[in-house]
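Since the structure comes first, as structure tokens, the remarks are kept for the end.
The values are calculated or read from the model by the stated rules, or taken from the named source; none is laboratory data. Keep in mind the model is a prediction, meaning the values are calculated, not measured. Positions of Cβ are backbone-derived with ideal geometry, glycine not excepted, and every protein chain shown enters the neighbour counts. Protein only, heavy atoms only, side chains kept; ligands, DNA and RNA dropped before computing areas. Shrake-Rupley method; radii C 1.70, N 1.55, O 1.52, S 1.80 Å.
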Amino acid sequence: MTLDELYIYAEDREIEVDDFSMRELVSASFPEGWIAIDTKKIKTKAEEKITLAHEVGHCETGSFYNIHSPYDLREKHERRANVWSYKTLIPHEELLAAVKQGITEIWELAEYFDVPCEFMQKAAEYWRQIEMAG
């Protein structure tokens, strides 16, 4: 999914996305169906893409928490948003197809899916764990 497609996805689901200047945060999502992203703090479109996907993931999975919540609760909600972003930006079938084409290095896969390398590494690890469990 491209960045533009992700913005359309959010709009189609009536999730409002605003460029919003924030002191500390880069992005935040709210149960009312609103996402704030401080694009001045984002260096690349690939970073914007994964930031938006993560926040849409919070909205789509209902994974919201108070910033003062216990760490384990926050991590549970963050993981649900991350998994949603992995499944949406790096679908398993598309990852397998890329690998079959010979795209096997993390940096190559990151370029192919237009995401940062760190995100690609985490998505690949997620899918590897799913394969091992199944």
**Q.** Residue, farthest from the chain's Cα centre (by Cα), within region 105-133, restricted to residues that are loosely packed, with under 14 Cβ neighbours inside 10 Å and under 15 Å from residue 83 (Cβ atoms)
**A.** 133
Q: Being part of a helix (DSSP H, G or I), open to solvent by less than 40 Å² (accessible area, probe 1.4 Å) and among the polar types (S, T, N, Q) is the filter here, so list the residues in region 68-94 that pass it.
A: 85, 88
Q: Would you please list the contacts, defined by Cβ atoms under 6 Å and residues six or more apart or on different chains, that run from a residue in region 24-36 that is hydroxyl-bearing (Ser, Thr, Tyr) to a residue that is at pLDDT 95 or above?
A: 27/37; 27/51; 27/55; 29/35; 29/55; 29/58; 29/59
Q) Which of (1) open to solvent by 30 Å² or more (accessible area, probe 1.4 Å); (2) of a type in the set (Val, Ile, Thr); (3) closer than 27 Å to residue 33 by Cα does residue 99 not meet, given it meets every other one? A) (3)
Q: Name, by its number, the condition in (1) part of a helix (DSSP H, G or I); (2) open to solvent by 20 Å² or more (accessible area, probe 1.4 Å); (3) hydroxyl-bearing (Ser, Thr, Tyr) that does not hold for residue 65.
A: (1)
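Could you pull out the residue among 45, 49 that is open to solvent by 80 Å² or more (accessible area, probe 1.4 Å) and of a type in the set (Lys, Arg)? Explain how you work it out, then say what you get.
Details: 49 fails: open to solvent by 80 Å² or more (accessible area, probe 1.4 Å).
So the residue among 45, 49 that is open to solvent by 80 Å² or more (accessible area, probe 1.4 Å) and of a type in the set (Lys, Arg) is 45.
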Q.
Can you report the number of residues in region 1-51 which are within 19 Å of residue 114 (Cβ to Cβ) and either part of a loop (DSSP other than H, G, I, E, B) or not basic (Lys, Arg) (or both)?
A. 23
**Q.** Residue list for region 1-17, restricted to those being touching a residue at least 12 places away in the same chain (Cβ under 8 Å) and loosely packed, with under 10 Cβ neighbours inside 10 Å
**A.** 14
